[in-house]
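One structure is given here, and the rest of the page talks about it.
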Amino acid sequence: MLNNLCLKLSQNKNLLMLLTAGLYVISLYAVLSERLFLFSLILAIISIICIIKNYFPIKYIIIWNLLFIIGVANTSLRLRETDELLNLAPMNAEINGTIVSIPQGINEGKPKFFFKADNISFDLFKKDLKNEKVLVTINDYNNEYKLKIYDSYKLKGRLSAPFKAGNPSQFDYGNYLRNYNTYAVFYANSLIKIDNKLTLKAKALQKISDFRERILSIHSKYLPSPNLEILGGIVFGDDAISPPKEIKQSFVNSGLLHILAASGMNVAFIYTFFFWIFSQLRINFKTSVILSMLTVIIYTFMTGLGASIIRASSMLLFVLIGKLIDRDAHSISLLSFVALLMLLYNPLYINETGFQLSFIVTFGILIMSPVFSNTKNKFASFIISTVSIPIIAQLWVIPIQIFYFNNISIYSVCANIMSMPILMILSFGGFTSSLLSGISIIADFICKTFDIILNPLLSILIGISDFWGHLPNSTMQTAHPSIFQILLYYGILLSIAGLLYKDFRHKYKKALLISFAILITTWSLTLLPIKSSNVEITTFDVGNADCFLIKTIKNEYIIIDTGKAGYKGSKSQADIILLKYLKDKGIKTIHSLIITHFDNDHSGGAVDVLKETKVLNLYVNNNKHNSYNAKLIYDSANKYNTNIIKADNNQIVYDCKGLKITNYLNKNKSNDNENSIITLLEFNKFKMLFTGDAGTMSLSPIIKNLPKNISVLKVPHHGAIGGLNKEIIDYLNPKYSIISVGENKFGHPSFYTLELLKNTTILRTDINNSILIKINKKSNTKILTYDLKRKKYIPLLKNK
């Protein structure tokens, strides 16, 4: 039976090419996941079995093994742990170089772009660099210079390493930048333009950028905001002009966000329209295809050669080349071949969400849409395709969307079906008007004429998004799925696809039904919640700040502090780290949020936590604090019906099944740090003291209320001088000490504090990353720290 299956596989070009591309993808994953030995061993065993049993021709086995080796070599050569700039960080410096990506975020006053650095100067020393890139963010941009790709600048500011992903669920910014051969970030405070000699490529891309800006400037005379921004996104890509935040959020909720960035759908629309026009002009088939291909290439250049457009255009162009040489242009083999070519060019594309979405959605449409649109009536086929394609796309995109974004747009299918005909016209009209506007003498007339039609359509599109995006429960928050669950889900879809095809169903009905039953049962079992009876305490790595999460036996959750607020409108640490973790775990309700005091490094993310979760109780050290941050927190708590409770001495926060959490407060202190809420957690024999920024002035008066010989001490004020003294340490006698600390200018933790704690096991978030403590009912304690490479917690003794 297996021999017959392998024989049919080797004779089916679609499945054979899919298997070949899949094997190459596995080689990339083997390197990126650091499981090369395991996958190599598995491949060797399978290859030997296939040779012995004669399952596949030996030439195929040789090709597959060579491809695996090429994938490993290609990926390994591209991966570097560091570069010269990262080795120098952190430091204040001056860098000279050239902008090598289209600057984004200019309208928000915070431009960001990739910058090829030629040299770096610091402390009267100058160092020449070779092919080193850095991601630049300009703070307080005042439009003094019109930033353009391939212009050269002298930048002054701070060179830094990307924020490390020291927590589970946290986005690894360093790994993301490595996909673009970039390892460091630079925050520029000033810039000076310098002359440079442009290459032919640089001149061409600058001309394209100038052309885009000129066309958008003409459209702005006749299109109001946000219609202008939406047309700019559809025609020129998401780096052209940013829509207002409320519009972007509406499109997120309705599942139409992809419309705001030129994508594969726009490429398909452009090709379809122009191929139809050329066909109506009675141009022969091959010439029409070639002309349409040229149109797609022009469109790709007009968008500024964005990554998503290059992917989509490459895919379509290879399909069309297949058409020209009379091959099956809709085959899985052609799609697999395009994926293989792109990953051979840059194996790190595999990490990009856009790449994954492009190919998985196209794959789903290719195998499922022919079943629904197989009719001779062209109008009926158009209507069926308009309805079925968004449904198929949504089915195939859901796992990846949940994996990365933890949400589902409930009405996405409806919104996409309604918007698709409008988007077709907008794509064609926007591109055609922009193309014709290249003739300066008629540019204004063309834009004005086209905008008479496009403007109401854009308003209708916004109306569709607002309608579906503002319905109750338009988005649903979901837990983070495992890779195993995603594979099971796609297995279910493939079983359904097989059952949809009459010929396939007739031959393999029983096998498909059995496979479907096994897959759906296994997938359903993985959705059953597995609840732990341990008490768990997570110390998040939030730099020189505090953030803790306590899980009770009853799987209720208590948060102590929330890290820092975002810098100048950027996301808070709670949003990036804590809330992402809660979403991945499917945690939506918080029993209590304790804000030890209102310093930014402790309360900066409280508003986000109150907004994104259901917080039942909010404990504060002062319910009439006059700081701006405190007022925001009070207002948010009232808005979301959270009970505000002023902390007090011996105040019970939680008491259930042996777990008791008690607040202490040393009142009437003018020093806000010393007025921090002190929290004691007791679970049978295990005891942990959380101190906020309270020091000896607060701890000494209440020390007799606290137990001796505690298990864990959260060291006050990030290990600063004045947090502890010998008397307090001798009394508490902690076994472990946790210091929540990061890069800072205050000298935290102090040598004096570290000397006081020398008889304890010291854990630091800047060294050990996030720390997880698990305590069972017998008070057996397990301490784990987060391993950056393995992306998981490992026992403390095994962490080097």
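The values are calculated or read from the model by the stated rules, or taken from the named source; none is laboratory data. All of these numbers come straight from a predicted model, not from anything done at the bench. For neighbour counting, all protein chains shown are included, and Cβ atoms are generated from backbone atoms with ideal geometry for every residue, glycine included. With ligands, DNA and RNA removed, areas are computed over all heavy atoms of the protein, side chains included. Shrake-Rupley method; radii C 1.70, N 1.55, O 1.52, S 1.80 Å.
For (1) in a loop (DSSP other than H, G, I, E, B); (2) in contact with a helix residue (DSSP H, G or I) (Cβ under 9 Å, 6 or more places away or on another chain); (3) surrounded by 17 or more Cβ atoms within 10 Å (Cβ to Cβ), each residue gets a yes or a no:
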{"residue": "528", "(1), (2), (3)": "yes, no, no"}
{"residue": "544", "(1), (2), (3)": "yes, yes, yes"}
{"residue": "561", "(1), (2), (3)": "no, yes, yes"}
{"residue": "565", "(1), (2), (3)": "yes, yes, yes"}
{"residue": "579", "(1), (2), (3)": "no, yes, yes"}
{"residue": "597", "(1), (2), (3)": "yes, yes, yes"}
{"residue": "602", "(1), (2), (3)": "no, no, yes"}
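Among the numbered conditions (1) more than 20 Å from residue 471 (Cβ to Cβ); (2) polar (S, T, N, Q); (3) open to solvent by less than 40 Å² (accessible area, probe 1.4 Å), tell me where residue 272 comes up short.
The number of the failed condition is (3).
Return yes or no: is residue 215 open to solvent by 20 Å² or more (accessible area, probe 1.4 Å) and either part of a loop (DSSP other than H, G, I, E, B) or not charged (D, E, K, R) (or both)?
Values: open to solvent by 20 Å² or more (accessible area, probe 1.4 Å): no; either part of a loop (DSSP other than H, G, I, E, B) or not charged (D, E, K, R) (or both): yes.
Taking the combined requirement at face value, the residue does not satisfy it.
Determine, yes or no, whether residue 20 is closer than 30 Å to residue 150 by Cα, touching a residue at least 24 places away in the same chain (Cβ under 8 Å), surrounded by 13 or more Cβ atoms within 10 Å (Cβ to Cβ) and among the hydroxyl-bearing types (Ser, Thr, Tyr).
Values: closer than 30 Å to residue 150 by Cα: no; touching a residue at least 24 places away in the same chain (Cβ under 8 Å): yes; surrounded by 13 or more Cβ atoms within 10 Å (Cβ to Cβ): yes; among the hydroxyl-bearing types (Ser, Thr, Tyr): yes.
So residue 20 does not fit the description; no.
Show the residue pairs meeting these rules: Cβ distance below 7 Å; 6+ apart or different chains; first residue within region 582-600 and over 17 Å from residue 716 (Cβ atoms) and touching a residue at least 60 places away in the same chain (Cβ under 8 Å); second residue of a type in the set (Ser, Thr, Tyr) and not in a loop (DSSP other than H, G, I, E, B).
591/557; 591/654; 592/619; 592/654
Are there any pairs, at least 6 apart or on different chains, whose C-beta atoms fall under 6 Å, with the first in region 602-622 and among the acidic types (Asp, Glu) and the second open to solvent by less than 40 Å² (accessible area, probe 1.4 Å) and not in a helix (DSSP H, G or I), and if so, which?
608/572
Return the residues of region 70-82 that are among the hydrophobic types (A, V, I, L, M, F, W, C) and in contact (Cβ under 8 Å) with a residue 12 or more places away in the chain; say none if nothing qualifies. Talk me through it step by step, then tell me what you get.
Restricting attention to region 70-82, the residues satisfying the condition of being among the hydrophobic types (A, V, I, L, M, F, W, C) are 70, 72-73, 77, 79.
Result: 70, 72, 79.
Only one residue in 71, 157, 97 is under 30 Å from residue 19 (Cα atoms) and at pLDDT 90 or above. Which one? Break it down into steps so the answer makes sense when it comes.
Numbers: 157 fails: under 30 Å from residue 19 (Cα atoms); 97 fails: under 30 Å from residue 19 (Cα atoms).
So the residue among 71, 157, 97 that is under 30 Å from residue 19 (Cα atoms) and at pLDDT 90 or above is 71.
What are the residue pairs meeting all of these: first residue in region 707-721, first residue touching a residue at least 24 places away in the same chain (Cβ under 8 Å) and open to solvent by 10 Å² or more (accessible area, probe 1.4 Å), second residue among the aromatic types (Phe, Trp, Tyr) and part of a strand (DSSP E or B), Cβ atoms under 7 Å, and 6 or more apart or on different chains?
711/686; 711/736
Name the single residue, out of those in region 642-676 being among the charged types (D, E, K, R), closer than 17 Å to residue 692 by Cα and in a loop (DSSP other than H, G, I, E, B), that is modelled with the highest pLDDT.
That would be 648.
Output the number of the condition that residue 290 fails; it satisfies all remaining conditions of (1) β-branched (Val, Ile, Thr); (2) farther than 18 Å from residue 430 by Cα; (3) open to solvent by less than 60 Å² (accessible area, probe 1.4 Å); (4) modelled with pLDDT of 85 or more.
(3)
Take the residues of region 86-104 that are open to solvent by less than 20 Å² (accessible area, probe 1.4 Å) and of a type in the set (Gly, Ala, Ser): which is nearest to residue 193 (Cα to Cα)?
Of region 86-104, the ones open to solvent by less than 20 Å² (accessible area, probe 1.4 Å) are 93, 95, 97, 99, 103.
Of the ones still in play, those that are also of a type in the set (Gly, Ala, Ser) are 93, 97.
Working: 93: 17, 97: 10 Å.
The residue in question is 97.
What number of residues within region 708-718 satisfy the criterion of being part of a loop (DSSP other than H, G, I, E, B) and either closer than 22 Å to residue 534 by Cα or in contact with a His (Cβ under 8 Å, 6 or more places away or on another chain) (or both)? Working first, answer last.
As a first pass, look at region 708-718 and keep what is part of a loop (DSSP other than H, G, I, E, B): 708-711, 715.
Checking the rest, the ones that are also either closer than 22 Å to residue 534 by Cα or in contact with a His (Cβ under 8 Å, 6 or more places away or on another chain) (or both) come to 709-711.
Qualifying residue count, region 708-718: 3.
Can you tell me which residues in region 195-226 are modelled with pLDDT of 90 or more and in contact with an Asp or Glu (Cβ under 9 Å, 6 or more places away or on another chain)?
If the condition is that a residue be modelled with pLDDT of 90 or more and in contact with an Asp or Glu (Cβ under 9 Å, 6 or more places away or on another chain), then 218, 219, 221, 222, 223 are the ones that fit.
Please work out if residue 119 is surrounded by fewer than 16 Cβ atoms within 10 Å (Cβ to Cβ) and at pLDDT below 90.
Details: surrounded by fewer than 16 Cβ atoms within 10 Å (Cβ to Cβ): yes; at pLDDT below 90: no.
It is false that residue 119 is surrounded by fewer than 16 Cβ atoms within 10 Å (Cβ to Cβ) and at pLDDT below 90.
Just for region 466-493: of the residues that are over 24 Å from residue 512 (Cβ atoms) and among the polar types (S, T, N, Q), which one is most open to solvent (accessible area, probe 1.4 Å)?
The qualifying residue most open to solvent (accessible area, probe 1.4 Å) is 473.
Going by what's in this entry, would residue 644 be described as open to solvent by less than 70 Å² (accessible area, probe 1.4 Å), within 27 Å of residue 697 (Cα to Cα), β-branched (Val, Ile, Thr) and touching a residue at least 40 places away in the same chain (Cβ under 8 Å)? Lay out the reasoning, then the answer.
Numbers: open to solvent by less than 70 Å² (accessible area, probe 1.4 Å): yes; within 27 Å of residue 697 (Cα to Cα): yes; β-branched (Val, Ile, Thr): yes; touching a residue at least 40 places away in the same chain (Cβ under 8 Å): no.
When the stated conditions are applied, residue 644 does not pass them.
Test residue 298 against the stated conditions and say whether it is open to solvent by 30 Å² or more (accessible area, probe 1.4 Å), touching a residue at least 24 places away in the same chain (Cβ under 8 Å) and β-branched (Val, Ile, Thr). Walk me through it before giving the result.
Values: open to solvent by 30 Å² or more (accessible area, probe 1.4 Å): yes; touching a residue at least 24 places away in the same chain (Cβ under 8 Å): yes; β-branched (Val, Ile, Thr): yes.
Answer is yes for this residue.
Somewhere in region 733-742, is a residue surrounded by 16 or more Cβ atoms within 10 Å (Cβ to Cβ), more than 20 Å from residue 672 (Cα to Cα) and at pLDDT below 95?
yes
Can you give me the number of residues within region 41-68 that are open to solvent by 30 Å² or more (accessible area, probe 1.4 Å), in a helix (DSSP H, G or I), touching a residue at least 12 places away in the same chain (Cβ under 8 Å) and out of contact with any Ser or Thr (no Cβ under 8 Å at 6 or more places or on another chain)?
1
What tally of residues in region 426-482 results from selecting those that are among the polar types (S, T, N, Q) and more than 30 Å from residue 298 (Cβ to Cβ)? Lay out the reasoning, then the answer.
So in region 426-482, the residues among the polar types (S, T, N, Q) come out as 427, 432-434, 437, 440, 449, 455, 459, 465, 473-475, 477-478, 482.
Okay, now just the ones that are also more than 30 Å from residue 298 (Cβ to Cβ), so 473-475, 477-478, 482.
Count: 6.
Only one of these is surrounded by 22 or more Cβ atoms within 10 Å (Cβ to Cβ) and more than 31 Å from the chain's Cα centre (by Cα): 620, 609, 615. Name it. If you could, list the steps in order and put the result at the bottom.
On the way: 609 fails: more than 31 Å from the chain's Cα centre (by Cα); 615 fails: more than 31 Å from the chain's Cα centre (by Cα).
So the residue among 620, 609, 615 that is surrounded by 22 or more Cβ atoms within 10 Å (Cβ to Cβ) and more than 31 Å from the chain's Cα centre (by Cα) is 620.
Could you check, for region 764-775, whether at least one of its residues is in contact with a Ser or Thr (Cβ under 8 Å, 6 or more places away or on another chain), farther than 21 Å from residue 719 by Cα and open to solvent by less than 100 Å² (accessible area, probe 1.4 Å)?
Checked against the condition, which is being in contact with a Ser or Thr (Cβ under 8 Å, 6 or more places away or on another chain), farther than 21 Å from residue 719 by Cα and open to solvent by less than 100 Å² (accessible area, probe 1.4 Å), region 764-775 yields at least one hit.
Consider residue 453 carefully, then state whether it is within 26 Å of residue 352 (Cα to Cα) and open to solvent by 10 Å² or more (accessible area, probe 1.4 Å). Before the answer, list the steps.
On the way: within 26 Å of residue 352 (Cα to Cα): no; open to solvent by 10 Å² or more (accessible area, probe 1.4 Å): yes.
Taking the combined requirement at face value, the residue does not satisfy it.
Going by the conditions given, is residue 745 modelled with pLDDT under 95, within 29 Å of residue 721 (Cα to Cα), under 31 Å from the mean Cα position of the chain (by Cα) and basic (Lys, Arg)? Break it down into steps so the answer makes sense when it comes.
Numbers: modelled with pLDDT under 95: yes; within 29 Å of residue 721 (Cα to Cα): yes; under 31 Å from the mean Cα position of the chain (by Cα): yes; basic (Lys, Arg): yes.
So residue 745 fits the description; yes.
Taking region 681-705 as the region of interest, how many residues are open to solvent by 10 Å² or more (accessible area, probe 1.4 Å) and assigned to a loop (DSSP other than H, G, I, E, B)?
Of the residues in that region, 2 qualify.
Kindly provide the set of residues from region 188-201 that are open to solvent by less than 50 Å² (accessible area, probe 1.4 Å) and either over 24 Å from residue 141 (Cα atoms) or of a type in the set (Lys, Arg) (or both), ordered by number.
Selection gives 198 alone.
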